[in-house]
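What follows is a single structure, written as structure tokens, with notes after it.
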Amino acid sequence: MAPGPFARFAARQPGRNSLLLFLGTFKALAAAHLLIDYGYRTGPAQGASMLPTFSIFGDHFLISHHHRRGRGIRVGDLVEYSIPIFRNSRGIKRVIGMPGDYVLMHTPGAPVAEGAEPYMMQVPEGHCWIVGDNLPSSRDSRTFGPLPLASIHGKVIAKVLPLKEAEWIVNPLDESH
């Protein structure tokens, strides 16, 4: 069988195929990097801290990285963040305080040790206050203090798995809700 026109062209262009393959691979990797870092990604729910919003295991969600570093985040939003007390770990919690807001530092109704810090505090500039929906099972700002907005990776915008439970995640404080 006679070689096709592409094979004849490639034979005249030594090294060109390798260059085209390299450039194509580079473009695909660059596009994937941009999509993951600046677009969207999915992730699993783990642990009981966000019950009943997410199950302990099996739920997956969609995260928008347009909200990185706290951009456009409001009280009531669910965010993915770097956990300050566990290296290279991420968590999902609900924002209940933004810079300048006053927040309760302890779990309502829980006993507080004598001489403990005041019950209320003002969230410092450049930080937010996050808590899990399941307060008794959550390590959150009550444990590690205000979270730097720079630690926020994105906003949870949808529950995608299991498919029969897929839904957009809306801020419960939105007036249209």
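Could you check the stretch 75-91 and list, in sequence order, the residues that are under 16 Å from the mean Cα position of the chain (by Cα) and either under 12 Å from Leu147 (Cα atoms) or of a type in the set (Gly, Ala, Ser) (or both)? Show your work before the answer.
From the stretch 75-91, those under 16 Å from the mean Cα position of the chain (by Cα) are 75-84, 86-91; that's our starting set.
Residues satisfying the conditions are Gly76, Val79, Glu80, Tyr81, Ser82, Ile83, Pro84, Ser89, Gly91.
When Leu62, Leu51 are checked against the criterion of being assigned to a loop (DSSP other than H, G, I, E, B) and either closer than 27 Å to Tyr38 by Cα or of a type outside the set (D, E, K, R) (or both), Leu51 stands alone in meeting it. If you go through the stretch 35-48 and keep only what is of a type outside the set (Phe, Trp, Tyr), in contact (Cβ under 8 Å) with a residue 24 or more places away in the chain and in a strand (DSSP E or B), you end up with Arg41, Thr42, Gly43.
Confirm whether Asp37 is surrounded by 14 or more Cβ atoms within 10 Å (Cβ to Cβ) and touching a helix residue (DSSP H, G or I) at 6+ places or on another chain (Cβ under 8 Å).
On the way: surrounded by 14 or more Cβ atoms within 10 Å (Cβ to Cβ): no; touching a helix residue (DSSP H, G or I) at 6+ places or on another chain (Cβ under 8 Å): yes.
Answer is no for this residue.
Filter the strands (runs of 3 or more DSSP E) completely within the stretch 73-177 down to those with at least 3 residues that are crowded, with 16+ Cβ neighbours inside 10 Å.
Values: elements: 78-82, 90-97, 102-104, 120-122, 127-131, 152-161.
So the answer is 78-82, 90-97, 127-131, 152-161.
Please tell me if Ala110 is modelled with pLDDT of 90 or more and among the small types (Gly, Ala, Ser). Judged against the criteria, Ala110 is not a match.
The values are calculated or read from the model by the stated rules, or taken from the named source; none is laboratory data. Values in this document were obtained by computation on a predicted structure and should not be read as measured data. Note that we place each Cβ from the backbone using ideal geometry, even for glycine, and neighbour counts take in every protein chain shown.
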